[in-house]
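Following: one structure in structure tokens, then a few remarks.
The values are calculated or read from the model by the stated rules, or taken from the named source; none is laboratory data. All figures in this text were calculated on a predicted structure; none of them were measured in a lab. Positions of Cβ are backbone-derived with ideal geometry, glycine not excepted, and every protein chain shown enters the neighbour counts.
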Amino acid sequence: MPSLKEIKNRIQSVRSTRKITSAMMMISSSKLRKIQKIIENLYPYQQKLHQLMELFVNSQNDFISPFAQQQPIKRVAIVAFSSNTSLAGRFNDNVINELKSIVNTYLYLGKENIEIYAIGDKVGEAARKMGFETLNNFRQIADKPSYEATQQLASDLMDMFLKKKFDKVELIYHHYKSKSSQELVCETFLPITLNTDEDKWNVPEFDYIVEPDPQTIMNQLIPKTLRLKLYTAHADSVSSEHAARTIAMQTATDNADDLLDELTLQYNKLRQQSITNELLDIIGGSFGREG
């Protein structure tokens, strides 16, 4: 049975841990509120931009784009978003497991034909353990979404796709739904799909006057949409990370509170028993002297 000193030391240790988890919970919650403002403004803009692209695609029966060109897959790129640090529940594990699954489907190409762009230390470490080299270091932007950085990455990926250095580009990230719900997403970044669902946007048919012409506009609109999509995926991932860490640290703090209650109760019982034993010893000694 543990002594009073051992229980007291354990109570102090749990209290120290609780202070850390509680502080991390508040920090992550504060960061989540900031990134939520970006997401709330970004989603409507992205949807409207995508709706505009859908409108042009539906209005042009013969529209073609080099970014929609399907070609035999010989080389692929995988862009995976994780965090630089842990203590975020299953957030990083989900990304890593999905990365392993996607890589396995392309292993027939050979590892030399699979390029992994790791946005975050955790997925970078996993990629290196799998035998891949992550040539680009995106550690600095992993925690803070940067439109300039993701714009450059998107431009590089588009350029390599057009030069046929990559035949397909995949994205792996978490989509932020709510503080308690983050959905892991794996989707194709390139080539894009021009076949649209007419009921999705329910866009009315109008006789628009387009200047200079739809093809010219789409040549500018598609790259802009792709750059914004990558930035949105990054912002999605970061907000999901903060939400996951907030929940994980809240759970850890609640567990620490429960453990403190148990240890305090155990400490009080043991202390009461110790006092009772001392009183019995005093009473027993007193009766012994009287006899």
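Do we find that Ala77 is surrounded by 14 or more Cβ atoms within 10 Å (Cβ to Cβ), of a type in the set (A, V, I, L, M) and more than 17 Å from the chain's Cα centre (by Cα) in this structure? Yes; evaluated as a whole, the condition is true for this residue. Filtered by the rule that a residue be without any contact (Cβ under 8 Å) to a residue 12 or more places away in the chain, part of a helix (DSSP H, G or I), more than 16 Å from Thr188 (Cα to Cα) and more than 19 Å from the chain's Cα centre (by Cα), region 80-119 gives Asn104, Leu107, Tyr108, Glu112.
Do we have any residue at all in region 93-103 that's among the hydroxyl-bearing types (Ser, Thr, Tyr), surrounded by fewer than 16 Cβ atoms within 10 Å (Cβ to Cβ) and at pLDDT 95 or above? Walk me through how you get there before you give the answer.
Residues of region 93-103 that are among the hydroxyl-bearing types (Ser, Thr, Tyr), as a first pass: 101.
With the extra rule that they be surrounded by fewer than 16 Cβ atoms within 10 Å (Cβ to Cβ), the set shrinks to 101.
Subset that is at pLDDT 95 or above: 101.
Looking for residues that are among the hydroxyl-bearing types (Ser, Thr, Tyr), surrounded by fewer than 16 Cβ atoms within 10 Å (Cβ to Cβ) and at pLDDT 95 or above, one finds at least one in region 93-103, hence yes.
Of all residues assigned to region 126-148, none qualifies as being farther than 14 Å from Ser82 by Cβ, over 21 Å from the mean Cα position of the chain (by Cα) and in contact (Cβ under 8 Å) with a residue 40 or more places away in the chain. When each of Ile73, Ile78, Ile39 is tested for being at pLDDT below 90 and either hydrophobic (A, V, I, L, M, F, W, C) or under 27 Å from Asp121 (Cα atoms) (or both), the lone residue that passes is Ile39.
Just one of Ile38, Ile11, Ile20 is surrounded by 14 or more Cβ atoms within 10 Å (Cβ to Cβ) and over 21 Å from Ala256 (Cβ atoms); which is it?
Numbers: Ile11 fails: over 21 Å from Ala256 (Cβ atoms); Ile20 fails: over 21 Å from Ala256 (Cβ atoms).
Result: Ile38 is the single residue among Ile38, Ile11, Ile20 that is surrounded by 14 or more Cβ atoms within 10 Å (Cβ to Cβ) and over 21 Å from Ala256 (Cβ atoms).
Just to be sure, is Lys122 touching a residue at least 40 places away in the same chain (Cβ under 8 Å) and either part of a loop (DSSP other than H, G, I, E, B) or touching a strand residue (DSSP E or B) at 6+ places or on another chain (Cβ under 7 Å) (or both)? Working first, answer last.
Numbers: touching a residue at least 40 places away in the same chain (Cβ under 8 Å): yes; either part of a loop (DSSP other than H, G, I, E, B) or touching a strand residue (DSSP E or B) at 6+ places or on another chain (Cβ under 7 Å) (or both): no.
Taking the combined requirement at face value, the residue does not satisfy it.
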